[in-house]
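Derivation of every value follows stated rules applied to the coordinates shown; laboratory data play no part. All figures in this text were calculated on a predicted structure; none of them were measured in a lab. Note that we place each Cβ from the backbone using ideal geometry, even for glycine, and neighbour counts take in every protein chain shown.
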Amino acid sequence: MSEMKSNTGGNILGTEDVKKLLFKFAVPSVIAMLVGALYNIVDQIFIGQSVGMLGNAATNVAFPLVTIATALGLLFGVGGASNFNLYLGAGNKERAKKVVGNALFLLTASGLVMLIVIHLFLESLTGLFGATELVFPLALEYISITSYGILFLIFSTGASNMIRADGSPKYSMYCLLIGAVLNVILDAVFIFGFDMGIAGAAWATVISQIVSCLMAAVYFRKMKTISIGKNDFLLKWGIVKPILYLGASSCLNQLAMMVVQIVLNNTATYYGAMSVYGSEIPLAVAGVISKVSMIFISIIIGIAQGGQPIAGFNYGAKNYGRVKEVFKLVVSISLAISFVSFLCFQLFPLQIIQIFGDGSELYFEFAIRFCRIFLLMMIVVGIQPASSILFTAIGKSHKGIFLAMIRQVILLIPLLIILPIYFGIDGILYAGPIADGVSAVIAFVFVYREMKKLTAMEKEENLRRETLATAT
């Protein structure tokens, strides 16, 4: 793809078969998203095998900071990519250049600010995220090291979205994939070769994130569709505002996940202490299963992000029929993946949890119950994140934000707080399927209504073009 024009003729985003095009963009995007999820999964596996259950609990405590970093990367990365594609679809390259420059500046600045904040409030944050007395030292050690990679994580997360939007999904994938492979190698070397324990896993993550970031940064020296200059990095509110607007949905979804994780960690330890399982078992299990479920969610998000430039470009070019195709295809694939994840968690919960190290009989008992009950509605969970991203891609961020918030903030957090009051630790387990089921129904209604609107807009645009053709 060497050129993007407002006239879709001759451009793959406007002419190539939607299924082939989605495959071309989605596969690298899915791999990139999986890489992000696997960074934490790999650490969890190595730490679980070497340090044990308390190590797993420690990485769970650190996970909210990773989520915040990802949220900032998506805020400026998805917001930048969405605006970038909309402006290119409309033929406005000058505006598109400034969007990329401003987004890159914001990614860098936010990473530096977050690094400073973490080190100023390191111990307070560790306690806030749910560390128990036994877990606190390990969590503090892990967070203090991984914090140095926060800037690089934020930049590579955001930049990968804009690289993909520029028509280089494979390069975007390679940036993150090489970092992930390096992380696996360094984990093995540092943890087992040098016997560095949880610190080894932390340093492996930081080094890998630096490599991914540098690869992403190099790309912007020579983009496919535009050439950015120094003046494009000067912040302008007229450019920043739409970036924030279209990136808010993905960002808030991540932040909501962070809040959910914090609430889940604290309720799990509090009500776990009142049960036969104790505080540490629910904390460790919640972390492991949340990260495993994120593998499937990452695939769904990756597919939706693969459809993002296609939907955004064609919406900007008023080719609404292709936008409808993207919506239908992404949602259908997302539901299929949700069904597969449902089968995995219902049929193989013990095998999944055993990957992350050994534990007591009570540990595995709770893990199996957590999988089968908390993730009972995984069968339909895919429609909510997929539709949220697609609404953002076509500039309807308000709908994307609402869909991002409905499961996590409006439903799951209150349920995690209220249900355990009446049902103890079981209340935490049943909060998951209730939130997933209700949010899926709401997302389906939103998508159905949007399809009807797009059909009406398509008819109107076709009539306009026919009238213009007749007049000329």
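Cα-based Rg (one decimal) and Dmax (whole number) for the chain, in Å?
For the chain, the Cα-based Rg and Dmax read 22.2, 79 Å.
If I stretch the segment between residue 468 and residue 227 completely, what's the gain in nm (0.36 nm per residue apart, minus their alpha carbon distance), one decimal?
Working: separation 241, 0.36 × 241 = 86.76 nm, distance 3.45 nm.
Length gained, residue 468 through residue 227: 83.3 nm.
Is segment 325-472 rounded, prolate or oblate when judged by the Cα gyration tensor, a ≥ b ≥ c being the square roots of its eigenvalues, rounded requiring a/c under 1.5 and prolate requiring a/b larger than b/c? Walk me through the numbers before you get to the answer.
On the way: a/c = 4.20, a/b = 2.41, b/c = 1.74.
Note, shape of segment 325-472 comes out prolate.
Arrange the following residues from fewest to most other Cβ atoms within 10 Å of their Cβ: 99, 42.
Details: 99 31, 42 22.
Neighbour counts put them in this order, fewest first: 42, 99.
Within segment 160-233, report the chymotrypsin sites (Phe, Trp or Tyr not before Pro) that DSSP leaves as loop and that have at most 13 other Cβ atoms within 10 Å. Don't jump to the answer; show the numbers that get you there.
Numbers: sites: 171, 174, 190, 192, 194, 203, 219, 220, 233; in loops: 194, 220.
Answer by residue number: 194.
Please list the helices of the chain that count as membrane-span-like by this rule: a mean Kyte-Doolittle hydropathy of at least 0.5 together with Cα atoms stretching 20 Å or more along the helix axis, each helix being a complete DSSP H run.
Details: long enough: 18-50 (46 Å, 1.18); 53-89 (51 Å, 1.15); 93-120 (41 Å, 1.07); 150-165 (23 Å, 1.34); 169-187 (27 Å, 1.18); 197-219 (35 Å, 1.58); 237-272 (49 Å, 0.81); 280-316 (51 Å, 1.20); 320-347 (41 Å, 1.30); 425-471 (70 Å, 0.22).
Answer set is 18-50, 53-89, 93-120, 150-165, 169-187, 197-219, 237-272, 280-316, 320-347.
Only Cα pairs under 8 Å and at least 6 apart count here; give the relative contact order of segment 208-295 as a rounded whole percent.
Values: 23 pairs, mean separation 11.3, N = 88.
Answer for segment 208-295 is 13 percent.
Per DSSP helix of 4 or more residues, -39500 (n - 2.57); summed, then divided by the residues of the chain. What does that give at 222 nm, rounded to the nearest 500? Each step should come with its number before you reach the end.
On the way: 18 runs with 372 residues, N = 472.
Calculated at 222 nm, the ellipticity per residue is -27500 deg cm²/dmol.
Just from the alpha-carbon atoms, what are the Rg and Dmax of segment 164-299 in angstroms?
20.2, 62
Counting alpha carbon pairs within less than 8 Å and at least 6 residues apart, what relative contact order, in whole percent, applies to the chain? Write out the running numbers ahead of the final one.
Values: 844 pairs, mean separation 109.1, N = 472.
Computed value for the chain: 23 percent relative contact order.
If you rank 426, 436, 166 by fewest surrounding Cβ atoms within 10 Å, what's the result? Write out the running numbers ahead of the final one.
Details: 426 15, 436 22, 166 25.
Fewest-to-most ranking of 426, 436, 166: 426, 436, 166.
Between segment 93-138 and segment 339-411, what is the separation of their alpha carbon centroids in Å?
What the calculation gives is 25 Å, centre to centre.
How large is the charge dipole for the chain, taken about the Cα centre, if only the Cβ atoms of Lys, Arg (+1) and Asp, Glu (-1) carry charge, to the nearest 20 debye? The partial results should precede the final answer.
Details: 32 positive and 24 negative charges, 485 e Å.
Dipole size: approximately 2340 debye.
With bins 10 Å wide starting at 0, give me the P(r) of segment 389-472 over every alpha carbon pair, in whole percents.
Taking every Cα pair in segment 389-472, the percentages come to 16, 30, 22, 16, 8, 5, 2, 0.
If I model a spin label at residue 445 and residue 354 as a point 7 Å from the Cα along the Cα→Cβ vector, what separation in nanometres do I get?
It is 4.4 nm.
Can you give the direction-averaged projected area of the convex hull of the alpha-carbon atoms in segment 253-400, in nm²? Walk me through the numbers on the way to the answer.
Details: hull surface 36.5 nm².
Its Cα hull, projected and averaged over all orientations, spans 9.1 nm².
List the lysines whose Cα sits under 28 Å from the Cα of residue 328, skipping any in the same chain fewer than 8 residues away.
List returned: 5, 19, 20, 24, 170, 291, 318, 396, 399, 452, 453, 459.
At a 10 Å Cβ-Cβ cut-off, how would you order 461, 123, 450, fewest neighbours first? Don't skip to the answer; put the middle values down first.
Values: 461 15, 123 12, 450 19.
Fewest-to-most Cβ neighbours within 10 Å comes out as 123, 461, 450.
Kindly provide the Kirkwood hydrodynamic radius of segment 65-108 in Å, to one decimal, from all pairs of distinct alpha carbon atoms.
Working: mean 1/r = 0.0939 Å⁻¹.
One decimal place: 10.7 Å for the Kirkwood radius.
Between residue 194 and residue 234, what is 0.36 nm times their sequence separation minus the Cα-Cα distance? Round to one decimal in nm.
Details: separation 40, 0.36 × 40 = 14.40 nm, distance 4.53 nm.
So the extension gain works out to 9.9 nm.
Is the shape of segment 117-171 best called rounded, prolate or oblate, per the rule: a/c under 1.5 gives rounded, else a/b larger than b/c gives prolate, else oblate, with a ≥ b ≥ c the square roots of the Cα gyration tensor eigenvalues?
prolate
How much length is gained if the chain between residue 134 and residue 295 is pulled fully straight, taking 0.36 nm per residue apart and subtracting their Cα-Cα distance, in nm to one decimal? Could you put the intermediate results ahead of the total?
Values: separation 161, 0.36 × 161 = 57.96 nm, distance 2.83 nm.
Result: 55.1 nm gained on full extension.
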